[in-house]
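Peer 1: Starting off with a structure, shown below.
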Amino acid sequence: LPKNGQFKHYFQLSGQAQTASLQQLKKERLDWDDLEKITFDKGGYATLLYRCILENAIEAKEDQAIYQLGAALQLVNDVFDVYKDHQQGLQTCITNSTDINIPSGMFEERVNAGIIAFQDLPYVQIHKEKILWKIKIMLSRGYVCFEQLKALPAATEEFSPAKYSRSQLICDMERMKNIKSSLQ
């Protein structure tokens, strides 16, 4: 591991985020701001920890870009796991939302913030374009899943995972329709 101390720093923050995420198992409904912070910190700091494995140190402002990417990736994870999380009583921004547009909007905000932050980094433009292309491919799956949930009856008015079947909540990315949507 690099000797610059960043790994240890983000390892500690990632551990704190994971500890804080235990609150998601509480029976009492979490405050939305707390749930959002848990979600973003869990994904953001874990992704920063992965980034620290590379030899070069994290550039100024790169931590912000990677944190936004990680937050968006955590929302992708949560939207794909909505059925399982609901069954297990895990509170997420998806399971606790009464309007699927809210977490979908959060996801889009994190994606846009991440793209803007990546474009401002002091790396060679062609390298930034390559990584943004790869990031967009990873995140496109989230868009497909959110669109599936938005299409459910009353999902933008009274979303509740309990109202829907397993097949309605699980986004099968092996279906040709979803593959095409992801590529678009």
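Peer 1: Is there a residue being open to solvent by less than 90 Å² (accessible area, probe 1.4 Å) and within 29 Å of residue 51 (Cα to Cα) anywhere in the range 154-166?
Peer 2: Within the range 154-166, not a single residue is open to solvent by less than 90 Å² (accessible area, probe 1.4 Å) and within 29 Å of residue 51 (Cα to Cα).
Peer 1: Of everything in the range 116-144, what is among the aliphatic types (A, V, I, L, M) and within 16 Å of residue 43 (Cα to Cα)? Give them in sequence order.
Peer 2: Result: 135, 138, 139.
Peer 1: Restricting the range 46-72 to residues that are over 15 Å from residue 122 (Cβ atoms) and open to solvent by 50 Å² or more (accessible area, probe 1.4 Å), which is modelled with the highest pLDDT?
Peer 2: Among those residues, the one meeting the criterion is 50.
Peer 1: Oh, and also: Does the range 90-143 hold any residues that are in a loop (DSSP other than H, G, I, E, B), touching a residue at least 12 places away in the same chain (Cβ under 8 Å) and open to solvent by 30 Å² or more (accessible area, probe 1.4 Å), and which are they?
Peer 2: 90, 98, 99, 120, 122, 123, listed by residue number.
Peer 1: Next up: Test residue 146 against the stated conditions and say whether it is assigned to a helix (DSSP H, G or I) and crowded, with 19+ Cβ neighbours inside 10 Å.
Peer 2: The answer is yes for residue 146.
Peer 1: In the range 24-45, what residues are closer than 21 Å to residue 89 by Cβ and either open to solvent by 30 Å² or more (accessible area, probe 1.4 Å) or basic (Lys, Arg) (or both)?
Peer 2: 25, 26, 27, 28, 29, 31, 32, 33, 34, 36, 37, 42, listed by residue number.
The values are calculated or read from the model by the stated rules, or taken from the named source; none is laboratory data. All values reported here derive from a predicted model rather than from experimental measurement. Cβ coordinates were reconstructed from backbone atoms using ideal geometry, including for glycine residues, and neighbour counts include every protein chain displayed. Quick note on the areas: whole protein, heavy atoms, side chains included, nothing else; ligands and nucleic acids left out. Shrake-Rupley method; radii C 1.70, N 1.55, O 1.52, S 1.80 Å.
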